[in-house]
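Nothing in this text is a laboratory measurement; each read-out follows from the coordinates by a stated rule. This structure is a prediction, so every number in the text was calculated from the model and none was measured. As a convention, Cβ positions derive from the backbone with ideal geometry for all residues, glycine included, and neighbour counts pool all protein chains shown.
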Amino acid sequence: MATPVTKTKVQRKLVGKLTLLVLCMFGFGFALVPLYDLLCEITGINGKTNTVAYTDIKQPVDTSREINVQFIAINNDKMSWAFRPTARTIKVNPGAPTETFFYAKNPMDYQMTGQAVPSVSPARAAAYFHKVECFCFDQQILESGEDVEMGLQFVIDNDLPDDVRTITLTYTLFDVTEDRVASAYSLN
């Protein structure tokens, strides 16, 4: 004859399973950031670059190597500006300071503020791509109908791995007009 299962045993078992589930969810939450970084490294997406000016550009120019640098400009879905690189691809020697530009135009009938967020691919090249001066360091404010060429000065480190022959720098442009206006009001 089978022993009857009491209500208390069932409840304890359920509480134990739910506690284990909560602990697993908590652990997974902590593991998300390293897992995301690993996924980005494996797939070559979301190469983070420096967000402040690089100042140590005194290195010899390696004329024995040429790196293709591709530029891509993307608007976030809420950004209405015309936004594009003036050159889609340039060839660069590691160690050589290089300058290029991005074009932006505000077609709206009011002032807007944009913020460009960079990403380098392959992600492992991001550590060797140094921005000396970049429009992405600051928010860009454009009046209605205003257009501008925004500068980018960079240098590729001589220590870039030899198998990396092409680097893609992508900027995603976001409309941060409301954020800027909100922060201005909060300061008053």
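Over the range 67-187, what is the mean sequence separation of C-alpha contacts under 8 Å (at least six apart), divided by residue count, expressed as relative contact order in percent?
For the range 67-187, the relative contact order is 38 percent.
What ³J(HN,Hα) values, in whole Hz, does the Karplus curve 6.51 cos²θ - 1.76 cosθ + 1.60 give for the range 151-157 when θ = phi - 60°, with x put for Gly and Pro?
Using θ = phi - 60°, the values come out as x, 9, 10, 8, 9, 9, 5 Hz.
Label-point separation (nm) for Phe101 and Gln59, each offset 7 Å from Cα along Cα-to-Cβ?
Rounded to a tenth, the inter-label distance reads 2.8 nm.
Give the value in nm², to one decimal: projected area of the alpha carbon convex hull of the range 67-187, averaged over all directions.
Projected over every direction and averaged, the Cα hull of the range 67-187 covers 7.9 nm².
For a label point 7 Å from the Cα of Val33 along Cα→C-beta, name the residues of the range 129-168 whose backbone N is under 14 Å from it.
none
Please arrange Lys9, Lys105 by how many other C-beta atoms lie within 10 Å of their C-beta, fewest to most. Please list the in-between numbers first.
Values: Lys9 11, Lys105 15.
Exposure proxy ranking, most exposed first: Lys9, Lys105.
Report the full-extension gain for the segment Phe26 to Arg88: residue separation times 0.36 nm, less the Cα-Cα distance, to one decimal in nm.
17.9 nm
Along the Cα→Cβ direction, 7 angstrom out, place labels at Val164 and Glu146. What is the inter-label distance in nm?
Distance between label points: 3.5 nm.
Modelling each spin label as a point 7 Å along the Cα-to-Cβ direction, I'd like the Glu66/Thr6 distance in nm, to one decimal.
Here the answer is 8.3 nm between the modelled labels.
Would you list, by chain and number, the lysines whose Cα falls below 28 Å from the Cα of Lys58, excluding same-chain residues fewer than 8 positions away?
Lys48, Lys91, Lys131
Assigning unit charges at the beta carbon (Lys, Arg +1; Asp, Glu -1) and nothing else, what dipole magnitude in debye, to the nearest 20, does the range 74-188 show about its Cα centre?
Working: 9 positive and 16 negative charges, 69 e Å.
For the range 74-188, the charge dipole is close to 320 debye.
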